[in-house]
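Below is one structure; the comments refer to it alone.
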Amino acid sequence: MRALRHDQPRADRSGRDTALLPARERVLGAEHPSTLTTRYNLAYWTGVAGDAASARDQFAALLTVQERTLSAEHPSTMTTRRSLARWAGEHGNGS
């Protein structure tokens, strides 16, 4: 995963990823590593913005793709798994 820029306002970061995702899916493909990184960032900023349930759902969907395309042991997959656990806990669903 590429480091997130924490010096930008939250809305700018989330909005950028929301706008970027359809273009990356169209140009690179839905399972390209850069597209998956954009999905990760969007899920993260969704959670930071206060929507833990949506973040949890986005991370769960992303994890399925990463396990299939990258492998269950890939560092990005493990990062997503950890984030899924965090946002599931934030939402009050530790499963």
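When the convex hull of the Cα atoms of segment 10-91 is projected onto a plane and the area is averaged over all directions, what value comes out in nm²?
For segment 10-91, averaging the hull's shadow over all directions gives 4.7 nm².
What ranking, highest mean first, results for peptides 50-59, 36-45 when packing means the other Cβ atoms within 10 Å averaged over each residue?
Ranking, from highest mean packing down: 36-45, 50-59.
Could you give me the ³J(HN,Hα) list for segment 83-89, computed from phi with Karplus coefficients 6.51, -1.76, 1.60 and θ = phi - 60°, whole Hz, x at Gly and Pro?
5, 4, 4, 4, 6, 5, x
Work out how much length residue 82 to residue 30 would gain on full extension: take 0.36 nm times their residue separation and subtract the Cα-Cα distance, in nm to one decimal.
Value of the extension gain: 16.5 nm.
Every number here is computed from the coordinates shown, using simple stated rules; none is lab data. Note that the coordinates shown come from a computational prediction; the quantities given were computed from them, not determined experimentally. FYI the Cβ positions are ideal-geometry reconstructions off the backbone, even for glycines, and counts take in every protein chain you see.
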